[in-house]
Amino acid sequence: MLPCQRHLFDIPNDVAYLNCAYMSPLMKPALEAGTAALARKAHPWEITPDNFFTRSDEFRTTAAQLLDCSADCIAIVPSASYGIATAARNLPAKKGQSILVLAEQFPSNYYPWQRLAEEAGAALKVVAWPKDEDHDWTTAVLNSLTPDVAIAALPHVHWISGGKLDLVRIGEACRKMGAALALDLTQSLGALPFSVRDVQPDFAAAASYKWLLGPYSVGLLYVAPKWQGGIPLEENWIQRANARDFASLILYTGNYDVGARRFDMGERSNFTLLPVAVRAMKQLLEWEVAQISETVGALNRQLANAAADMGFSAEPLRAPHYLALRRKEAIPKELPEVLAKERVFVSVRGSSIRVTPHVYNRAEDGERLMACLRRIAA
Ligand SMILES: Cc1ncc(COP(=O)(O)O)c(C=O)c1O
């Protein structure tokens, strides 16, 4: 278990921020890295051609450690949706086949597949909310993985309920069935242990501004070696094999840089934001994702117990960092605004109060939420 890391964040004493699944706060060292990085643009003569490549490769190396894969398999993208659109552009589906998604999956991991299904004449197959006692998404997905499934487009954790999928078992089943596996790890990477080596997905995308504790508008995309000869969403100069030779860029080449670099977004060398994302990911690696999961999970367990006394329940098979509280009575949509007046911050998603702490939270943050719920939701 990690001791509370609040000293690394600029969170006022009276703020109980329990909303990392909405947006994480930037830690002070990452903010400092970003401020220094922005200042460099005032002196562009200090930004060398080499810098277009070194920071990007540092991003790849750091992200690869979190994903447990080779740095060459990482592309730099602006958002989860960009990464998922890249996967949808490259994974084949045809008439008579289907693309598997979860009920009420996040839109960025739904619309690209809906479009691909429409264009290919394939069907979108939606796995219904599991009705068994455990709300077991893994079994529900495994039961839906029939031979017609060309692509399973899934998260590690359902963004509304926190329900967790066993991606190792699902990955194995996909390989057996010949289905591709495309993942949106935005609500899990950095807070829930994950390994490319164990799961073997074809693509996996994550935005950095939630559990990677990074800035908005930066994300990562894992591309399995077998897809690294694919078609990027954009064609830009820096993806090409001759990009390091600035004097000869107009010697147009049909060759791309190695690995997943061909899928990088334009201006991927983002001098301001990449150092912020890298600093945050390095901190996550230092804390260790398993320890983050355990620490945040312990806080959520206490909250789940306290909330149970008020008639709230949560997913039995939820990811430890995620606590979605629901009960028979509807949750008022305006609850977050009411709580915000008390300087307590959570989200309402679907019919649940979504509580997502991190290592900057103290036990008293949770106690304040429970005290508010006792008063407001009684
Ligand atoms: C599961 C999930 N995926 C992706 C995103 C963000 O998507 P994008 O990076 O396309 O804005 C969110 C944001 O709430 C999310 O919850």
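The values are calculated or read from the model by the stated rules, or taken from the named source; none is laboratory data. Computed from a predicted structure; not experimentally measured. With ideal geometry, Cβ positions are generated from the backbone for all residues, glycine too; neighbour counts draw on all protein chains shown.
Do any strands (runs of 3 or more DSSP E) entirely within the range 82-185 hold 3 or more residues that are aliphatic (A, V, I, L, M), within 16 Å of the ligand (Cβ to nearest atom) and out of contact with any helix residue (DSSP H, G or I) (no Cβ under 9 Å at 6 or more places or on another chain), and if so, which?
Passing ranges: none, list empty.
If you go through the range 107-129 one residue at a time, how many are surrounded by fewer than 21 Cβ atoms within 10 Å (Cβ to Cβ) and within 24 Å of residue 349 (Cα to Cα)?
11
List every residue pair whose Cβ atoms sit under 8 Å apart, with the two residues 6 or more apart in sequence or on different chains, where the first one lies in the range 247-270 and is more than 17 Å from residue 53 (Cα to Cα) and in a loop (DSSP other than H, G, I, E, B) and the second, anywhere, is hydrophobic (A, V, I, L, M, F, W, C) and modelled with pLDDT of 95 or more.
What qualifies is 253/241; 255/241.
Collect the residues in the range 283-326 that are more than 16 Å from residue 372 (Cα to Cα), of a type outside the set (A, V, I, L, M) and part of a loop (DSSP other than H, G, I, E, B), keeping them in residue-number order.
Those that are more than 16 Å from residue 372 (Cα to Cα), of a type outside the set (A, V, I, L, M) and part of a loop (DSSP other than H, G, I, E, B): 288, 315, 316, 320, 321, 322.
Looking at the range 211-223, I want the residues that are under 26 Å from residue 91 (Cβ atoms) and among the hydrophobic types (A, V, I, L, M, F, W, C) and have a partner that is within 10 Å of the ligand (Cβ to nearest atom) and part of a loop (DSSP other than H, G, I, E, B) with Cβ atoms under 8 Å, at least 6 apart or on another chain. Which pairs are those?
Pairs that qualify, where the first residue is under 26 Å from residue 91 (Cβ atoms) and among the hydrophobic types (A, V, I, L, M, F, W, C) and the partner is within 10 Å of the ligand (Cβ to nearest atom) and part of a loop (DSSP other than H, G, I, E, B), are 211/21; 211/186; 211/187; 211/188; 218/78; 218/208; 218/209; 220/208.
Restricting to the range 40-81, count the residues that are part of a helix (DSSP H, G or I) and of a type outside the set (A, V, I, L, M, F, W, C).
Adding up the residues that qualify gives 15.
One line per residue, one yes/no per condition, for (1) surrounded by fewer than 23 Cβ atoms within 10 Å (Cβ to Cβ); (2) not basic (Lys, Arg):
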position	(1), (2)
154	no, yes
159	no, yes
171	yes, yes
174	no, yes
178	yes, yes
181	no, yes
188	no, yes
197	yes, no
200	yes, yes
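Would you be able to tell me the number of residues in the range 162-211 that are farther than 18 Å from residue 106 by Cα and in contact with a Gly (Cβ under 6 Å, 6 or more places away or on another chain)?
Result for the range 162-211: 2.
Scan the range 49-59 and give yes if some residue there is away from the ligand (no atom under 16 Å from the Cβ) and touching a Gly at 6+ places or on another chain (Cβ under 9 Å), otherwise no.
No, the range 49-59 contains no residue that is away from the ligand (no atom under 16 Å from the Cβ) and touching a Gly at 6+ places or on another chain (Cβ under 9 Å).
Output the residue which, of all residues in the range 9-24 that are more than 21 Å from residue 217 (Cβ to Cβ) and assigned to a loop (DSSP other than H, G, I, E, B), is nearest to the ligand (Cβ to nearest atom).
18
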